[in-house]
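Quick notes on the structure that follows.
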């Protein structure tokens with residue numbers, strides 16, 4: 001049996017064993033990375049050949065790492081009475097929410113985890129969000145859509161926030177970036193920002209935490 005055949009068999013076995021979605025933060029992103037890493041892609045990786053699917057798999061895998069890191073940071077909020085839901089499906093469509101939080105006072109927050117390369121700074125320039133020289137403005141469309149969908153489902157205001165891990169900071173005077181009214185907060189500061197948002201904005205009516213937990217199920221890609 002040649003070395004290439006051995007590597008191919010190993011890649012196929014790894015793909016079969018790992019192609020299962022596990023519940024929890026980052027699970028759907030990790031599952032998508034595994035799906036992209038087909039046996040041929042794994043074989044290409046093993047012999048040092050970079051493919052488009054392999055690069056996309058790396059991006060999804062990095063996203064999963066970022067979501068898990070954010071979930072670990074959010075654990076103190078659970079002990080403080082927050083509802084904290086990870087990787088939840090929207091009621092319609094095929095989109096998911098990285099983290100859905102409800103403060104003890106009833107403030108609903110959609111939190112999107114980002115883990116981008118630290119090689120380039122993040123900045124807002126001429127009305128665009130730039131990661132180095134690349135325009136990444138459209139990458140916030142998801143959190144904007146998710147916040148609107150959650151707001152419609154729960155019939156209450158929803159605050160969109162982004163937790164950013166990686167890029168060198170060139171933030172505003174508050175220690176964060178703001179693009180198109182969405183706050184992008186360095187990951188190490190996200191918990192204090194969430195606590196402040198939960199205190200400052202108070203919801204009315206029934207607490208939306210139980211309804212959010214019942215309505216937004218763990219996400220499974222269709």
Extreme residue, surrounded by the fewest Cβ atoms within 10 Å (Cβ to Cβ), among residues of the stretch 115-136 that are at pLDDT 90 or above and either within 19 Å of residue 195 (Cβ to Cβ) or in contact with a helix residue (DSSP H, G or I) (Cβ under 6 Å, 6 or more places away or on another chain) (or both): 128
Residue match in the stretch 198-219 (condition: closer than 30 Å to residue 121 by Cβ, modelled with pLDDT of 90 or more, over 16 Å from the mean Cα position of the chain (by Cα) and surrounded by 14 or more Cβ atoms within 10 Å (Cβ to Cβ)): yes
Index of the failed condition, residue 177 passing every other in (1) more than 14 Å from the chain's Cα centre (by Cα); (2) buried (at least 20 other Cβ atoms within 10 Å of the Cβ); (3) at pLDDT 95 or above: (3)
Residue under evaluation residue 142, criteria (1) at pLDDT 95 or above; (2) under 19 Å from residue 91 (Cβ atoms); (3) under 17 Å from the mean Cα position of the chain (by Cα), criterion not met: (1)
Number of positions in the stretch 94-141 that are touching a residue at least 40 places away in the same chain (Cβ under 8 Å), out of contact with any strand residue (DSSP E or B) (no Cβ under 9 Å at 6 or more places or on another chain) and more than 20 Å from residue 156 (Cα to Cα): 1
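The values are calculated or read from the model by the stated rules, or taken from the named source; none is laboratory data. None of the values given here were measured: they were computed from a predicted structure. Ideal geometry is used to build each Cβ from the backbone, glycine not excepted, and the neighbour counts take in all protein chains shown.
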